[in-house]
Amino acid sequence: MSHASVPDLDEERLAARVEAIATGLERAGDEVDPELVRSAHTDIARVEERLALGVDWTVVALVGGTGSGKSSLFNAISGLRFADVGAIRPTTDRAAACVWGGTATELLDFLAVAEKRRIERESVLDADDERALHGLVLLDMPDHDSVAETHADQVDRLLPLVDLLVWVVDPQKYADNALHARYLRGLAGRQDAMLVLVNQVDTIPRSAVPRVLDSVRDLLRADGLPGVEVITTSTVTGDGIDDVREVLARAVARRSIAASTAEAEIEAVAGRLRVAVADREPPVGEAEVGAATEELVRAAGIGAVADSVRAAAARVRRGALARPEPPAAGTVEAVRGRWLAASTAGLPERWRHAVDHDVASGEDLRASARAAVDRVPLPEVAQRGAVALHVAGLVLAGLGIVALVLGLVGLLGGGDLPGAPLLGVGGGLLALGAAGVLAARSWRRSRADDLSAGYRKDVTEEVREVVVRGLGAPTAAVLDRHRALREALAGAAQHA
């Protein structure tokens, strides 16, 4: 498996972070200061260029002077005979690269390593032996002390891009002033990412090796690099090559400098943009929509209309109904103002202005609320069935009273009237009539409550739609754009 195909790598995650910020900025539009946006896009483009190179590669550069044996070391570390080993004048004038576990094409293109100077270190014969180095790009750099000025310029350009600088010196020229004055003394801040190889130790007596090592370490301390590891190597005897590969494996296991730098640059972009967003969005939801709806319903006098519907429907005779009124302009403006205050609390000015601009104006809100109320017809309060039952109850009650009177007359001996039966019939009719009247009244009141509540409900639903369309939806759209940018910026901090 190539290094670049391993899931959940920095490159994929960082690219997602950049995309989220870019998308958030695009959605935010004018709600972010244009100067901030321009600056952020410039910085994002730079990060994208860095990501395009592949931040999951660990770049290790062999850097040294003429005759230090860098190319021989390059071949010994890679196990391949690829780098040029000078015979007459041992000068490396073109960078070479060996890549473990992939191609790193974009990176090597940027590093200006010619295609003929690249090799992939991938073999089925020793894949397990090389697995620890998968993701490594090993560079054999031009000699830093070459008489060709372009060689030194290339070294200078590549140094900031590498994760591990491996300085190769030989036992004779390790104190070269060009190395210490031009390079090492200016790299004190990178000593954790440096290694010094005293190469060609086979050319000096074994007894002299400790003295050379002590001298090299003294020079490094003088350069402000006391923590740099020093290893002796020889490509003739193979001494130290395994130690060097172990150091390279540890470097591969760490996060690359390119990934750390890209992360830092993304966080820097996010940090500069955070002034454009609030810490959170105001809580605007059903409760706020309901409150605004109720205020507009009340302003239209719907409560009085609903009461008149209830009263009229509860009576036997049809009564007059109250009529809804257009909400007062001042009341509607107050509703809109309270909405804006709640829905923009804590937002930066540009976002507050966006909400104010996108929601309905007071005039439009008033007209829409009036139209919504007018769309709901006043209910028909008369009910023939209840009236018929009421009348029938009265008739039965009247007949019952007549029968009772006649029954009393009969009991008192007045005529041949059957007193007792008439009293029984009269009592029954009176009870039936009273029950009918009471049932009719209960029916009217129940229906009156239903008509009143139904009218209020229908008007409230219509007005709620006005609030949602005129206030809720535009506000939610702005807050969604704000949330997208805020979460993108917060995400950069969470992953830093």
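Miscellaneous remarks
- Residues located in segment 205-220, provided they are farther than 13 Å from Ala175 by Cα and buried (at least 17 other Cβ atoms within 10 Å of the Cβ): none
- Filtered residues of segment 119-153 (kept if surrounded by 19 or more Cβ atoms within 10 Å (Cβ to Cβ) and either basic (Lys, Arg) or at pLDDT 85 or above (or both)): Arg121, Leu133, His134, Gly135, Leu136, Val137, Leu138, Leu139, Asp140
- Filter result for Val381 (over 30 Å from Arg486 (Cα atoms) and either within 22 Å of the chain's Cα centre (by Cα) or at pLDDT below 95 (or both)): yes
- Meets criteria (among the polar types (S, T, N, Q), assigned to a helix (DSSP H, G or I), touching a residue at least 24 places away in the same chain (Cβ under 8 Å) and outside the structural domain of Ala97 (by TED's automatic domain parsing)) for Thr42: no
- Test: Val168 is at pLDDT 80 or above and either of a type in the set (Ser, Thr, Tyr) or touching a Phe, Trp or Tyr at 6+ places or on another chain (Cβ under 7 Å) (or both): no
- Glu294 fulfils the conditions (1) of a type outside the set (S, T, N, Q); (2) touching a residue at least 24 places away in the same chain (Cβ under 8 Å); (3) under 30 Å from Asp214 (Cβ atoms) except for a single criterion, (3).
- Members of segment 38-62 found to be of a type in the set (S, T, N, Q) and under 24 Å from the mean Cα position of the chain (by Cα), listed by number: Ser39, Thr42
- Residue match in segment 198-212 (condition: in a strand (DSSP E or B) and assigned by TED's automatic domain parsing to the domain that holds Ala95): yes
- Any chance Trp351 is over 25 Å from Val297 (Cβ atoms), modelled with pLDDT of 95 or more and within 43 Å of the chain's Cα centre (by Cα): yes
- Scanning segment 251-268 for residues that are of a type outside the set (Gly, Ala, Ser) and not in a helix (DSSP H, G or I) yields Arg254, Arg255.
- Members of segment 221-243 found to be in contact (Cβ under 8 Å) with a residue 40 or more places away in the chain, crowded, with 20+ Cβ neighbours inside 10 Å and within 21 Å of Leu187 (Cα to Cα), listed by number: Leu225
- Of the residues making up segment 163-205, those that are under 47 Å from the mean Cα position of the chain (by Cα) and of a type in the set (Gly, Ala, Ser) number 4.
- Yes/no for Ala371 being at pLDDT below 75, of a type in the set (A, V, I, L, M) and out of contact with any strand residue (DSSP E or B) (no Cβ under 8 Å at 6 or more places or on another chain): no
- Only one of the numbered conditions (1) modelled with pLDDT of 75 or more; (2) more than 30 Å from Thr344 (Cα to Cα) is violated by Arg441, and that is (1).
- Only residues that are in a helix (DSSP H, G or I) and not charged (D, E, K, R) were counted in segment 331-348, giving 10.
- Test: Ser260 is hydroxyl-bearing (Ser, Thr, Tyr) and surrounded by fewer than 16 Cβ atoms within 10 Å (Cβ to Cβ): yes
- The condition of being of a type in the set (Asp, Glu) and part of a helix (DSSP H, G or I) does not hold for Asp239.
- With respect to (1) among the small types (Gly, Ala, Ser); (2) in contact with a Lys or Arg (Cβ under 7 Å, 6 or more places away or on another chain); (3) modelled with pLDDT under 85, the lone exception for Ala83 is condition (2).
- Residue under evaluation Leu161, criteria (1) buried (at least 20 other Cβ atoms within 10 Å of the Cβ); (2) aliphatic (A, V, I, L, M); (3) modelled with pLDDT under 75; (4) touching a helix residue (DSSP H, G or I) at 6+ places or on another chain (Cβ under 9 Å), criterion not met: (1)
The values are calculated or read from the model by the stated rules, or taken from the named source; none is laboratory data. A quick note: this is a predicted structure, and the numbers were derived from the prediction, not measured. No Cβ is skipped: glycine too gets one built from the backbone with ideal geometry, and neighbour counts run over all protein chains shown.
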